[in-house]
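Notes follow the structure.
Throughout, read-outs are computed from the coordinates displayed, never taken from laboratory work. Keep in mind the model is a prediction, meaning the values are calculated, not measured. In this analysis, Cβ positions are derived from the backbone assuming ideal geometry, glycine residues included, and neighbour counts consider all displayed protein chains.
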Amino acid sequence: MLNLILFGPPGSGKGTQAIKIAEAYGLIHISTGDLFRYEMSHNTPLGLKAKEYISEGKLVPDEITIGMLANKLDQHLDAKGFILDGFPRTIPQAEALDTLFESHGWHINMLLALDVSEDEIVTRILKRGETSGRSDDTDESVIRNRIHEYEAKTAPLYAFYDDRNKAYTFNGIGSIEEIFQGLCALIDEHLS
Ligand code: ADP
């Protein structure tokens, strides 16, 4: 199995790269942001709960997010591997992920972190908001909140994986194709 985490601030290009990597390596792509948006668009109880947090740029509480991810993994027990995009985002989520994966006899191979400056991500997210239909992409104060949540709760995860020799940083500025090729080179090196 090949199990990857795509890591980086909001708007760093995780989703775009995750889709390409999933296709190239035959992995199941799981984006917790996409899962929440699906639930919200169908007005499910989970979606309504998540919306309270997402609309303010806050992280959804761990127990909700972890439960949703566990369900999704259970739907793909025969996967060749996973690429997780937007999960884990807190240390308790990373610990829960270890426990879940261990229960299946799986492990995380690599965390790939996209390095992009704060100014660049605000510009990118506002631009994405012009067409994405995501209300959390149009309000600069919500975007700044998401970045604050990232710095406070998510960025420390890099060290969690670095301590386990699983963390890799890649420059997230450049063309989609350039970044994709660079990430593939890191993955191929790990596999060889
Ligand atoms: P972005 O990376 O651009 O912020 P996502 O689609 O990954 O976008 O996430 C959108 C929102 O969904 C986040 O701001 C957060 O509120 C919520 N969310 C997504 N994944 C998680 C997670 N693992 N834990 C808590 N909240 C999450």
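Residues of the stretch 1-25 that are closer than 16 Å to Met110 by Cβ and either acidic (Asp, Glu) or touching a Lys or Arg at 6+ places or on another chain (Cβ under 6 Å) (or both): Leu6, Gly8.
Only residues that are outside any helix (DSSP H, G or I) and hydroxyl-bearing (Ser, Thr, Tyr) were counted across the stretch 99-158, and they come to 2.
Within the stretch 58-69, the residues that satisfy the criterion of being touching a residue at least 12 places away in the same chain (Cβ under 8 Å) and out of contact with any Pro (no Cβ under 9 Å at 6 or more places or on another chain) are Lys58, Leu59, Val60, Ile64, Met68.
Considering only the stretch 27-52, state which residues are within 9 Å of the ligand (Cβ to nearest atom) and in a helix (DSSP H, G or I). Selection gives Thr32, Gly33, Asp34, Leu35, Phe36, Arg37, Ala50. Looking at the stretch 7-17, is at least one residue part of a strand (DSSP E or B), under 22 Å from Asp162 (Cα atoms), within 16 Å of the ligand (Cβ to nearest atom) and touching a residue at least 24 places away in the same chain (Cβ under 8 Å)? Yes; the residues of the stretch 7-17 include at least one that is part of a strand (DSSP E or B), under 22 Å from Asp162 (Cα atoms), within 16 Å of the ligand (Cβ to nearest atom) and touching a residue at least 24 places away in the same chain (Cβ under 8 Å).
Among the residues of the stretch 1-38, those identified as among the hydroxyl-bearing types (Ser, Thr, Tyr) and either surrounded by 18 or more Cβ atoms within 10 Å (Cβ to Cβ) or touching a Cys at 6+ places or on another chain (Cβ under 8 Å) (or both) are Ser12, Ser31, Thr32. Kindly indicate whether any position in the stretch 93-105 is touching a residue at least 40 places away in the same chain (Cβ under 8 Å) and more than 8 Å from the ligand (Cβ to nearest atom). Within the stretch 93-105, one or more residues are touching a residue at least 40 places away in the same chain (Cβ under 8 Å) and more than 8 Å from the ligand (Cβ to nearest atom). Residues in the stretch 127-163 that are surrounded by 12 or more Cβ atoms within 10 Å (Cβ to Cβ) and over 26 Å from Arg37 (Cα atoms): Phe160, Tyr161, Asp162.
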